[in-house]
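A.B. asks: To start, I am sharing the structure in question, which I have written as structure tokens.
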Amino acid sequence: MSNWERGFGRPVFQEPIFIEPHLPAAALAFVRSRRILALGVDFIIVSLLSFALWLALAVLTFGLSLLILPPLFPLVAFFYNGLTISGYRMATPGMAAMDLEVRLTNGASVPFLNAAVHAILFYVSALFPVVFLVSLVSPNKRCLHDMLAGVIVTRRFR
């Protein structure tokens, strides 16, 4: 088989993102309600980090940066989610407090780019709240932004 047929070292048939992984019921128990609580904790943390960054930039530039500062919340949230979910705990601090973790659908840890895209897709989904109803019909309680990013949120087992 040539390199072209094998996909240059990658398997030719890769796993589609909409295949639902089979998980035990205990791994998904109360995941939706825990995710909502984790979102509240993470929102507070990102808000505090954004305000601290805004204040530091305002002080360092003697207030001149206030005229040209872009919205800091989306920027901070992008890196907050990307760095924490792709980290060793595989969860944001809010998710870790609620015993949740984020993995790829094949069980591997999430790379930074997937985690950051997952955050962007979540904030876009927040503009259309009806989209969150997908988790009610998904067998593994995955939201649409989870499916598009190729991740799944489960309970953490120690």
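A.B. asks: Once all Cα-Cα distances of the stretch 27-155 are split into 5 Å bins that start at 0, what whole-number percent is in each one?
C.D. replies: 2, 11, 19, 23, 19, 11, 7, 5, 3, 1, 0
A.B. asks: Also, quick follow-up: Which order do the peptides 150-156, 23-29, 58-64 come out in when sorted by mean C-beta neighbours inside 10 angstrom, highest first? Intermediate results must be reported in sequence, preceding the final value.
C.D. replies: Values: 150-156: 21.1, 23-29: 12.4, 58-64: 10.9.
Highest to lowest by the protection proxy: 150-156, 23-29, 58-64.
A.B. asks: Separate question: I'd like to verify something in the chain: which complete DSSP H helices, judged by Cα projection on the helix axis, reach 20 Å or more and average at least 1.6 on the Kyte-Doolittle scale? All intermediate terms of the calculation are to be shown ahead of the outcome.
C.D. replies: Working: long enough: 31-60 (42 Å, 1.76).
The answer, listed by residue number, is 31-60.
A.B. asks: From Cα pairs below 8 angstrom and at least 6 apart in sequence, can you work out the relative contact order of the stretch 27-155, rounded to a whole percent?
C.D. replies: Numbers: 154 pairs, mean separation 37.4, N = 129.
Relative CO of the stretch 27-155 lands at 29 percent.
A.B. asks: Something else: What length, rounded to one decimal in nm, is gained on full extension from Leu127 through to Leu49, with 0.36 nm per residue of separation minus their alpha-carbon distance?
C.D. replies: 25.8 nm
A.B. asks: May I ask for the net charge around Arg35, where only other residues with Cβ less than 15 Å from the Cβ of Arg35 are counted and Lys, Arg are +1 while Asp, Glu are -1?
C.D. replies: Net charge in that neighbourhood comes out at +3.
A.B. asks: May I pose another question? Report the gain in length on full extension from Leu83 to Leu66: 0.36 nm times residue separation, minus Cα-Cα distance, nm rounded to one decimal.
C.D. replies: Full-extension gain reported as 3.5 nm.
A.B. asks: Bin width 10 Å, alpha-carbon pairs only: give the P(r) of the stretch 58-121 as whole percents, running from 0 to the bin holding the largest distance.
C.D. replies: In whole percents, the pair-distance histogram is 22, 40, 19, 16, 4.
All of the numbers you see were taken from the coordinates with simple rules; none came from a lab. Keep in mind that this is a model prediction, so the values were computed, not measured. Every residue, glycine as well, gets a Cβ built from its backbone with ideal geometry; the counts of neighbours run over all protein chains shown.
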